[in-house]
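Colleague: So that we are looking at the same thing, I have put the structure below in structure tokens.
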Amino acid sequence: MLYYAIVFLIIALVAGVLGFFGIAGAAASIAKVLFFIFLVLFVASLIFGRRRP
């Protein structure tokens, strides 16, 4: 999940540099959504993934 967020962020940066601002905005929003989904899943795995000895 984090990998795809980074990929979309790089696509957004490259598109922004080349002047494709519509594509850059869309890719940045997708990257932001994927990053927040990653954070939620990461925190959930930290909370619920603990094993008690």
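Colleague: Angle check, please: helix 21-48 long axis (alpha carbons) against the longest principal axis of the chain (alpha carbons), in degrees 0 to 90, nearest 10.
Modeller: Taking the Cα atoms of the chain, the angle to 21-48 is about 10 degrees.
Colleague: Report the label-to-label distance for ILE37 and MET1 in nanometres (one decimal), using points 7 Å from each Cα along the Cα→Cβ vector.
Modeller: Distance between the two pseudo-spin positions: 0.8 nm.
Colleague: Of the listed values (i) 48; (ii) 77; (iii) 68, identify the label whose number matches volume of the Cα convex hull per residue in Å³ calculated from this model.
Modeller: Correct label, based on the coordinates given: (i).
Colleague: Something else now. Explain nothing, just the number: relative contact order of the chain, from Cα pairs under 8 Å at least 6 residues apart, as a whole percent.
Modeller: This gives 40 percent for the chain.
Read-outs: derived from the displayed coordinates by stated rules, not from any lab. What you see is a predicted model; the values in this text were computed from it and never measured. Note: ideal-geometry Cβ built from the backbone for every residue, glycine included; neighbour counts use all protein chains shown.
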